Amino acid sequence: MRRGILAVVAVGALTLGAAACGGDGGGGDKGSGSKAAKEPGSVSGTVTWWDTSDATNEAPTYRSLVSAFEKKYPKIKVDYVNVPFDQAQQKFKTAAQSGRGAPDVLRSDVGWTPGFAQLGYLKDLTGTPALGESGDFLEGPLKNAAYDGKTYGAPQVTDALGLMYNKALLKRAGVAEPPANWQEVKAAAAKIKERTGAGGIGLNPDGYYALPFLYGEKSDLVDVAAKKITIADAASRKGIETAVDLVRSGAAPKPAGTDGYNNLKTDFKNGRLAMLIDGPWATKEIFGGSAFRDRANLGIAPVPAGSTGVAGSPVGGHNLVVYAGSKNFDAAYLLVKYLTDAAQQETAATAVGVLPTRTSAYTKGVLADPVRAAYHRALATARPRPAIPQGGDLFTDWLQHYTKILTLKEDPRAGLDATAKAWRTTLLKDYEIQK
Amino acid sequence: MSARPGGRAVRAQAPRTVRARGARSRGASVALHATLIAAALIAAFPVLFVVFVSLRGRDGWQEPTRFVGFTLANYGHVLAHTEFVVWFGNSVLVALGATALGVLVAASAGYAVSRLRFPGHRPLMWTFLVVQMFPMAVLIVPLYNILGTLGLLDSYPGLIVTYCSISVPFCAWMLKGYFDTIPVEIDEAGRVDGLTPFGSFWRLIVPLARPGLAVTAFYSFITAWGEVAFATQFMSSERRYTLAVGLQTFVGQQKAEWGLMTAAAVLITVPAGFVFFLAQRHLVAGLTAGGTKG
Amino acid sequence: MTTAVSGTGPPRPARPGPFRRLRRSFDAYWYAWAMVLPVVVVLAVLVGYPLGRGIFLSFTDANEANVARTIGVNHIPATYEFVGLDNYWKVLSGQEGHFYGRLAWTVVWTGSCVFFHYTIGLGLALLLNRRMRFRGLYRVLLILPWAVPAFVATFSWRLMFNEKYGVLNAVLDRFGVGAVDWLGDGPLQKMSAVAVNVWLGVPFMMVAILGGLQAIPSELHEAAEMDGATPWQRFRHVTLPGLRPVSRTVILLGVIWTFNMFQVIYLLIGQGASSESEILVTYSYRLAFQGVRDYAGSATYGILILSLLLVFAVFYRRLLTRQEAAR
């Protein structure tokens, strides 16, 4: 009898395991999207969307867009999930490789998209209804959604870096125009400190924010076409040394190693710092500060130019991508198309402040807001990221060194060389390092 | 602080107060209390500080030494404008489940090793120790795949069982030592009285083992309550997020919503503190010499 | 099947065959095995299988791009290759470049944390072991850090250490000392991490040692006093030896837990400033989740961590048994 109990338990465990291992039946459509294109009204099912937007500020708008979508297509149910941005990339990768628990649609940062595509996790959206009128998309964002000649995402929002400044502080210091290059920034910072006591410009030690300095010297992280790592060459070094000079001269307060940038942003929004390099996502937080109760006080100019006279800012943003193993491609395409349509982009832009990715979405209403208009202008000179799968991962090593460089703990040349070497050994094994 | 042998002889010499053996002088008492107060302040200060910041509104954290502007606005925002209540409920469910299952499994295993020296008990004890040595973070992907195969993703049982695999090794190891201190005569008395081994375990041993079980329950609860990595990966629908996952929407690399975060932190710590309060008088007894003999 | 052939005593019956022996132990011990079955099953499935798979992967060049994947209904087979001990060689020979630096800091980190955990825990336990007013209150307050979830505590300390708005720097400012970048500067960062981990870990040690102190029979103390021992001698010869079983257990556990303490290092220090303070665990995590995930590399590190701790545990126990035997 006792042996019997054990035997029953063992058999029970085996059957449970076998039942759970029952495979997923159903072949799933090839994902051509023909049903979505021809009879959208008949598409039914559930679509899961992992949205990485800010849970406090942006998610409510997107939830309401989802409700509107469900009203338009009553047969489709959308499972909206807000996923913390910092975790989303890893969470998606783990889910995608197991075939279980992955969403149908993901709001993917442009830096992640080529990586996902290379691993085969994304559906090629070229020719599907998901892209809608693809000619209407802005050039930079569309390039950021492509990999290996195919388009893997529908650009949803885009952004660029700009120079934010406190108009009142600049006026008090006698700086008539926002600085147009880094030398002018230095001069303006000195005046501001002298006459108002506020800090000059806030520089973020995050690797992404080093790009304007690189672009200003007509350089870049890597040269994809020539397969060269260019971060350690003379031009890049000059750009980074400009940044270090700003910190050394006191024009930019030295950021702390941890949470340094958040502190600077807090200073800026409360009027203790005059200038800041950041993107449109930060404006919502900044308008909550005591110095910008009157929104008109916030000025936005293009990123300052380098010694070559060229000003460059990276194009960032997010794409909506479709999981290659989705069980309902048609519904996913319809959702992607809906969310990236001009009308919805306009709604999101006016509600949240993000920048649309379609030319037709830049209506008078959208451009009426001075912040959006300013960033729209900044987009004109912005450069898309290198379209390599390692694009996002380049920043991990670079971040370590740039933080040390900008907090004056490491010599720029040493840090840049170390970064180039790290990239060559682990990420870009077949690239050359350009001196 | 030593007593003086032959106190009577000393008394004749000088009018000193004879202290009872083990009593302290005033100076020693002050020193003792002062040290303990200082230590208690260091232990409690971060907790108190978090409460303080959470009560000072959205931006109060920027002026940490000023005592103005007290408001419950942060709590209001956290409770009303986020899914905090849902996350809280999920965390409670998962933590209680992990505690119940963890105590049951650890107690059975600890008792079995302690009383019934079956072949394989020594390797099992070593396994309990060794399992704690492998970095958990590296297990995430294979664990995800296993849970996927078993259909336990995005489900409470999946997370509960995972948490048990984290807390049971230490708890079983500890409980074995604790059961070792309970005399075998009690088991034998139970058998004489006609109870099955399980009966004597349940009726006689468990009541005596309450402190050890309290420690196990506390440890399992705290482990499940505060775990982040597995919860983030395994729970993919919003209505199943635990507190650890939800809190990450407040604080990230680019955000500094410290006001909201401290309010959420206080709300998270309160239940853990409550369980702690229930268990705390048993904690010392539970980890007593027997328990940590290993 | 052997029969005893010794000259003394009656001939023993033939030993039963292995199958019958198994059956007999099954009869005798089935109850015990049933009680440990849940633990064994859970550990085997949730820890044993991933661990075994990790060991296997560390002998290959598996990464995210060549491991078997199931995308929807498409199953892509694995294409990684067996590379034998190549990964271990790369790591241990310094070719990969990160192991020894991280190991050194991990050892220092573990050593200093456990040292402070133990000494402070011992000190506080000794103080709490006396009768006094408010003892219960002190005990509750001192154990409080244990009740706070680690990630909550770490974020709180991160706020307190904040260079611009942290309360520590605010207090320093009042005293005229300049702002200190607690979490950005190399050595300071390490000290801050140790401080936070010590704050988190002292309660457990203190409680365990207190239990151990209370288990030392008071007759021993009294006898020592009668013999004229000073308090310090009593401490060395009665208290410490009496605590030995507890001490060695909590030190062993402390070493294992601190060596693998992931959350404090990972959450306290910002991603940009953390390169100098990474311990082996956090580095293996980064390998596992950075870029094209390097499953083989992170498994290699994981196995190395496990081996180091295992060797430590074995030697530690052996050392202690030898000490016990020598006494």
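The values are calculated or read from the model by the stated rules, or taken from the named source; none is laboratory data. Predicted, not measured: the structure shown is a model, and the values here were computed from it. So basically every Cβ, Gly included, is an ideal-geometry build from the backbone, and we count neighbours across all protein chains shown. Ligands, DNA and RNA are stripped out before the accessible areas are found, and what is left, the full protein with its side chains, is counted by its heavy atoms. Shrake-Rupley method; radii C 1.70, N 1.55, O 1.52, S 1.80 Å.
Summarise the accessible area of chain B (1.4 Å probe, protein heavy atoms) by the percent that is carbon and sulfur.
Summing carbon and sulfur atoms, their accessible area is 66 percent of the total for chain B.
Considering only protein heavy atoms and a 1.4 Å probe, what is the carbon-and-sulfur percentage of the accessible area of chain A? Could you put the intermediate results ahead of the total?
On the way: 8780 of 16530 Å².
Roughly 53 percent, rounded to a whole number.
Over region A:166-205, how many percent of alpha carbon pairs lie in each 10 Å bin up to the one with the longest distance?
For region A:166-205, the binned pair fractions read 33, 59, 8 percent.
Counting protein heavy atoms only and a 1.4 angstrom probe, how many square angstrom of accessible surface do chains C and A bury in total, to the nearest 100?
Approximately 3200 Å², summed over both chains.
Round to the nearest 10 and give me the degree value, 0 to 90, for the angle of helix A:2-20's Cα axis relative to the longest principal axis of chain A.
60
What is the spin-label model distance, in nm, from B:E63 to B:E83 if the labels are put 7 Å beyond Cα along the C-beta direction?
Those two pseudo-labels are separated by 3.7 nm.
Which whole DSSP H helices in chain C pass both tests: a Cα extent of 20 Å or more along the axis and a mean Kyte-Doolittle value no lower than -1.0? Before the final figure, lay out the partial values.
On the way: long enough: C:18-43 (29 Å, 0.59); C:99-128 (42 Å, 1.26); C:186-214 (42 Å, 1.16); C:240-259 (27 Å, 1.18); C:295-326 (46 Å, 0.95).
Helices meeting the span and hydropathy rule in chain C are C:18-43, C:99-128, C:186-214, C:240-259, C:295-326.
Magnitude of the Cβ-charge dipole of chain A, K/R +1 and D/E -1, about the Cα centre, nearest 20 debye? Let's see the in-between values first.
Working: 52 positive and 43 negative charges, 102 e Å.
Computed charge dipole of chain A: roughly 480 debye.
Interface size between chain B and chain A, please: total buried accessible area, 1.4 Å probe, rounded to the nearest 100 Å².
In total, this chain pair buries about 2500 Å².
Can you send over the carbon and sulfur percentage of the accessible area for chain C, probe radius 1.4 Å, protein chains only?
The nonpolar share, carbon plus sulfur, comes to 64 percent.
For chain A, what value does the Rg/Rh ratio take when both radii are computed over Cα atoms and Rh is the Kirkwood radius, given to two decimals?
1.04
Report, in whole Å, the centroid distance computed from the Cα atoms of region A:318-390 and region C:31-60.
For region A:318-390 versus region C:31-60, the Cα centre distance is 47 Å.
Could you state the per residue volume, in Å³, of the convex hull enclosing the Cα atoms of region C:128-187?
Enclosed volume per residue, from the Cα hull, is 150 Å³.
Considering Cα pairs under 8 angstrom that are at least six residues apart, work out the relative contact order of chain C and quote it in whole percent.
The value is 22 percent.
Please report the Cα spread of region C:81-180 along all three principal axes, rounded to whole Å, starting with the longest.
The principal-axis extents, from largest down, are 66, 39, 23 Å.
GNM on chain A, C-alpha springs below 10 Å: top fluctuator among A:G306, A:G127, A:G33?
Result: A:G127 has the largest fluctuation of those listed.
What do you get for Rg/Rh over region A:121-213 if you use C-alpha atoms and the Kirkwood form of Rh?
Ratio of gyration radius to Kirkwood radius: 1.22.
What is the Cα radius of gyration of region B:23-72 over 2.2 N^0.38 Å, N being its residue count?
For region B:23-72, the normalised Cα radius of gyration is 1.70.
Within 10 Å of each Cβ of A:197-206, how many other protein chain Cβ atoms are there on average? Mind dumping the intermediate values first?
Values: counts 0, 0, 0, 0, 0, 0, 0, 2, 4, 5.
Partner Cβ neighbours, averaged per residue: 1.
Of A:K91/A:K429; A:K123/A:K150; A:K38/A:K337, which ones are farther than 20 Å apart at the Cα?
Cα-Cα > 20 Å for A:K91/A:K429; rest within.
Once the mean 1/r over all distinct Cα pairs of region C:18-76 is inverted, what Kirkwood radius in angstroms do you read off?
About 15.0 Å, per the Kirkwood formula over Cα pairs.
Hey, could you get me the Stokes-Einstein D for region C:170-238, Kirkwood radius over alpha-carbon pairs, 20 °C and 1.002 mPa s, rounded to whole µm² s⁻¹?
Estimated via Stokes-Einstein, D reaches 133 µm²/s.
For the pair B:L195 and C:F315, how long in nm is the line joining their label points, each one 7 Å along Cα→Cβ?
Calculated label separation equals 4.6 nm.
Restricting to chain A, what percent of DSSP beta bridges are antiparallel, rounded to 5? Don't jump to the answer; show the numbers that get you there.
Details: 28 of 45 bridges.
Percentage antiparallel, nearest 5: 60.
Quick one: dipole size for region C:100-290, taken about the Cα centre, charges +1 on Lys/Arg Cβ and -1 on Asp/Glu Cβ, in debye to the nearest 20. Walk me through the intermediate numbers first.
Details: 15 positive and 10 negative charges, 72 e Å.
For this selection, approximately 340 debye.
Which percent of the Cα-Cα distances in region C:100-290 go past 19 Å?
65
Amide H neighbours of A:V222 under 5 Å, counting only residues 5+ apart in sequence or on other chains, H built in-plane at 1.01 Å?
Those lying under 5 Å, H to H, from A:V222 are A:T230.
Given B:S108, B:A231, B:L36, which one lies farthest toward the positive end of the charge dipole of chain B, if we put +1 on the Cβ of every Lys and Arg and -1 on the Cβ of every Asp and Glu?
Highest projection toward the positive end goes to B:L36.
Size of the dipole of region A:49-196 about the Cα centre, Lys and Arg at +1 and Asp and Glu at -1 on the beta carbon, nothing else charged, in debye to 20?
440
Based on DSSP, what percent of beta bridges with both residues in the protein assembly as shown are antiparallel, to the nearest 5?
Here the share of antiparallel DSSP bridges comes out near 65 percent.
Computed FRET efficiency, Cβ-Cβ of C:R130 and B:F274, R0 22 Å: what is it to the nearest 0.05?
So the FRET efficiency works out to roughly 0.15.
Between 0 and 90 degrees, rounded to the nearest ten: what's the tilt of helix A:182-196 against the longest Cα principal axis of chain A?
Helix A:182-196 and the main axis of chain A meet at about 70 degrees.
List the pairs from A:K193/A:K218; A:K93/A:K254; A:K186/A:K409; A:K167/A:K265; A:K186/A:K238; A:K269/A:K421 whose alpha-carbon separation is above 27 Å, in the order I gave them.
Details: A:K193/A:K218 30 Å; A:K93/A:K254 36 Å; A:K186/A:K409 21 Å; A:K167/A:K265 16 Å; A:K186/A:K238 16 Å; A:K269/A:K421 38 Å.
Listed pairs above 27 Å: A:K193/A:K218; A:K93/A:K254; A:K269/A:K421.
Go ahead and run the numbers for FRET between C:A65 and C:V171, Cβ-Cβ distance against an R0 of 56 Å, rounding to 0.05.
0.65
At a probe of 1.4 Å, how much accessible area disappears from chains B and C on forming the pair, both sides counted, to the nearest 100 Å²?
About 8300 Å² of accessible surface is lost on pairing.
Need one word for region A:25-98: rounded, prolate or oblate. Basis is the Cα gyration tensor (sqrt eigenvalues a ≥ b ≥ c); a/c below 1.5 gives rounded, then a/b vs b/c decides.
Details: a/c = 2.87, a/b = 1.26, b/c = 2.27.
It comes out oblate by the Cα gyration axes.
Round to the nearest 0.05 the FRET efficiency obtained for C:I76 and A:A176 when R0 = 56 Å and r is the Cβ-Cβ distance.
E(calc), rounded to 0.05, equals 0.35.
With every protein chain left in place and a probe of 1.4 Å, what is the accessible surface of A:R100, to the nearest 10 Å²?
That residue has around 80 Å² of solvent-accessible surface.
Could you check the spin-label model distance between C:Y88 and C:S218? Points 7 Å from the Cα along Cα→Cβ, value in nm.
So the two model labels end up 5.6 nm from each other.
Could you state the per residue volume, in Å³, of the convex hull enclosing the Cα atoms of the protein assembly as shown?
On the way: hull volume 230.6 nm³, N = 1056.
That works out to 218 Å³ per residue.
Placing +1 on the Cβ of each Lys and Arg and -1 on the Cβ of each Asp and Glu in region C:100-290, which of C:L144, C:L183, C:T119 has its Cα farthest towards the positive end of the resulting dipole?
Of the listed residues, the answer is C:L144.
Go from 0 up to the bin containing the longest alpha carbon distance in chain C, width 20 Å each, and give me the % of pairs per bin.
21, 44, 29, 6, 0
Relative to the compact-globule scaling 2.2 N^0.38 Å, provide the ratio for the alpha-carbon radius of gyration of chain B. Provide the component values of the computation, followed by the final result.
Working: Rg = 25.3 Å, N = 294, 2.2 N^0.38 = 19.1 Å.
Dividing the Cα Rg of chain B by 2.2 N^0.38 Å gives 1.33.
For C:F235 and C:L308, compute 0.36 nm times the residue count separating them, minus their Cα-Cα distance, and round to one decimal in nm.
Details: separation 73, 0.36 × 73 = 26.28 nm, distance 3.33 nm.
Full-extension gain reported as 22.9 nm.
Could you tell me which of A:Q90, C:V171, A:A348 has its Cα farthest along the dipole of the protein assembly as shown towards the positive end, charges placed at Cβ (Lys, Arg +1; Asp, Glu -1), taken about the Cα centre?
C:V171
Given a 1.4 angstrom probe, what's the average accessible area per residue across the protein assembly as shown, in square angstrom?
On the way: 44020 Å² over 1056 residues.
With all protein chains present, the protein assembly as shown gives 42 Å² per residue.
Taking only Cα atoms of region B:87-227, what ratio of Rg to Rh do you get with Rh as the Kirkwood inverse-distance radius?
Dividing the radius of gyration by the Kirkwood radius yields 1.03.
So, taking all protein chains as they sit and a 1.4 Å probe, how much accessible area belongs to A:Y152, in Å² rounded to tens?
Probe radius 1.4 Å; accessible area of A:Y152 about 20 Å².
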